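Right, one structure below, let's go through it.
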Amino acid sequence: MRVVVAPDKFKGSLSGAEVAAAVAAGIADVHPDVTATLAPVADGGDGTVAAAVAAGFEPRSVTVEGPTGEPVDAPYAMRGARAVVELAAACGIDLLPGGRFAPLTASTYGLGQVVADAVEHGAAEIVLGLGGSASTDGGAGMLQALGAVLHTDTGPLTARGGAALADIVSVDLGPLWERMAGVAVVVASDVDNPLLGPDGAAAVFGPQKGAAQEEVGLLDAALARWAGVVCAAVGRDDTTVPGAGAAGGAGFAALAVLDARLEQGIRLVLDLLDFDATLAGADLVVTGEGSLDEQSLAGKAPVGVAEAARRAGAPVVAVAGRCTLSPERLAAAGIRAAYPLSVLEPDVGTSMRNAAPLLREVGRRIAKEWVP
């Protein structure tokens, strides 16, 4: 019997690869003859690079500016001329020093530095995961790192962050376009918000990044100023395209300036990992993530895995730190059963600290109930 173990990370606890290894070890405890294929996945946010490396991409790293300028070693992955880059690893919200929000000054500059390094190493296609952003700078920092020059009335803009965009009067994209000539960009994002307005990057996501109400208004106005300058430079308006508001407006910059294609995160990642080939001949698929809840149903990794497994004719069960979905909701998503760690250890902190041995026990339970 062959089992494919394809979970996402348990955020704050274990990587997807660690989750998969623990579950597979539990299955082997009960049925050592089972062939377990470990295939950790991600939905385009943090963990995407790790999933690519687990699937055979070459790991790379480059030191870049973190969200507020501090040096960060940002990993990315390459295979041939394709590079996998994730915003969270370069300038994500979890990298804010001391966890202190910086809604007006946090920047995507480091993300652009990672993309530039990948291009310098021969990347002709950039797969860009936009989850976990700390900033609301409209992707301006990313574009600056790639060569764009932003101008104010008094000269080139040197300040970072969304608030500084209020002073923009023009942008020179020539050096960026020269550097990125022949490079295709594909963006993994599950956000369909526009750039501006009540459903835009500042209004919806700004408060999650520490923006007070008056700062939300300031950022939205600054993004509008930035958008006007960019739209004039490229000759079209991408502000209302679904996904333009992703990652504090980095989606807009990717669409408008890098001519990026936006795709649902999990579908893009599964295609990247050639997941359908991994599923061929599987008798059981185990997926999962830290919290199985309503958000999971909106295109997160377990549901994407379940959809792929359904096409392959393999039953799916899920592991999780906790699960708030009813059996009916799980079944509708193609998941036969869920095995939350909360059943074994109700205390969240203890469960997160001991997730690996708990998952091994869950693996044993899955083996007893699903492996003949």
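The values are calculated or read from the model by the stated rules, or taken from the named source; none is laboratory data. None of these values were measured; they are calculated from a predicted model. Cβ placement follows ideal geometry from the backbone for every residue including glycine, while neighbour counts extend to all protein chains displayed.
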Test of understanding: among Ala83, Ala17, which residue is free of Cβ contacts under 8 Å to residues at least 60 places away in the same chain and not assigned by TED's automatic domain parsing to the domain that holds Val305?
Ala83
Is there a residue being charged (D, E, K, R) and either under 19 Å from Ser133 (Cβ atoms) or without any contact (Cβ under 8 Å) to a residue 60 or more places away in the chain (or both) anywhere in region 186-193?
yes
Just to be sure before I move on: is Ala20 aliphatic (A, V, I, L, M), modelled with pLDDT under 95, more than 15 Å from the chain's Cα centre (by Cα) and farther than 21 Å from Gly110 by Cα in the structure I sent?
no
Name every residue in region 1-21 that is closer than 20 Å to Ser342 by Cα and surrounded by fewer than 24 Cβ atoms within 10 Å (Cβ to Cβ), in order of residue number.
Lys11, Gly12, Ser13, Leu14, Ser15, Glu18, Ala21
Could we say that Ala314 is at pLDDT 95 or above, more than 24 Å from Gly265 (Cβ to Cβ) and in the same structural domain as Ala22 (by TED's automatic domain parsing) here?
no
Would you confirm, using the coordinates I've provided, whether Ala253 is over 15 Å from the mean Cα position of the chain (by Cα) and not in a helix (DSSP H, G or I)?
no
Considering only region 210-254, how many residues are in contact with a strand residue (DSSP E or B) (Cβ under 9 Å, 6 or more places away or on another chain) and either among the hydroxyl-bearing types (Ser, Thr, Tyr) or more than 19 Å from Ser107 (Cβ to Cβ) (or both)?
5
Against the condition over 13 Å from Val319 (Cα atoms), assigned by TED's automatic domain parsing to the domain that holds Ala338 and surrounded by fewer than 24 Cβ atoms within 10 Å (Cβ to Cβ), how does Ala28 come out, does it pass?
yes
Yes or no: Leu268 surrounded by 14 or more Cβ atoms within 10 Å (Cβ to Cβ), under 16 Å from Ala39 (Cβ atoms) and either in the same structural domain as Phe10 (by TED's automatic domain parsing) or touching a residue at least 24 places away in the same chain (Cβ under 8 Å) (or both)?
yes
Every residue in region 206-229 that is surrounded by fewer than 23 Cβ atoms within 10 Å (Cβ to Cβ), among the hydrophobic types (A, V, I, L, M, F, W, C) and closer than 17 Å to Gly139 by Cα, please.
Val216, Leu218, Ala221, Ala224, Val229
Residue satisfying condition, being over 19 Å from the mean Cα position of the chain (by Cα), more than 22 Å from Asp190 (Cα to Cα), outside the structural domain of Asp8 (by TED's automatic domain parsing) and in contact (Cβ under 8 Å) with a residue 60 or more places away in the chain, within set Gly98, Gly69:
Gly69
Only residues in region 276-289 that are in the same structural domain as Ala306 (by TED's automatic domain parsing) count as the first member; pair them with residues that are crowded, with 16+ Cβ neighbours inside 10 Å and of a type in the set (Asp, Glu), Cβ under 6 angstrom, at least 6 apart or cross-chain, and list the lot.
Glu289/Asp8
Residue satisfying condition, being more than 23 Å from the chain's Cα centre (by Cα), of a type outside the set (Val, Ile, Thr) and surrounded by fewer than 22 Cβ atoms within 10 Å (Cβ to Cβ), within set Asp283, Asp274
Asp283
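For every residue, the table says whether it meets (1) in a loop (DSSP other than H, G, I, E, B); (2) touching a helix residue (DSSP H, G or I) at 6+ places or on another chain (Cβ under 8 Å).
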{"position": "Ala282", "(1), (2)": "yes, yes"}
{"position": "Val286", "(1), (2)": "no, yes"}
{"position": "Gly290", "(1), (2)": "no, no"}
{"position": "Ser296", "(1), (2)": "no, yes"}
{"position": "Val303", "(1), (2)": "no, yes"}
{"position": "Ala309", "(1), (2)": "no, yes"}
{"position": "Ala314", "(1), (2)": "yes, yes"}
{"position": "Val317", "(1), (2)": "no, yes"}
{"position": "Arg322", "(1), (2)": "no, yes"}
Look at region 127-156 and say how many of its residues are surrounded by 23 or more Cβ atoms within 10 Å (Cβ to Cβ) and farther than 19 Å from Val230 by Cβ.
4
Of the residues in region 310-332, those that are farther than 19 Å from Ile27 by Cα and buried (at least 19 other Cβ atoms within 10 Å of the Cβ) number 3
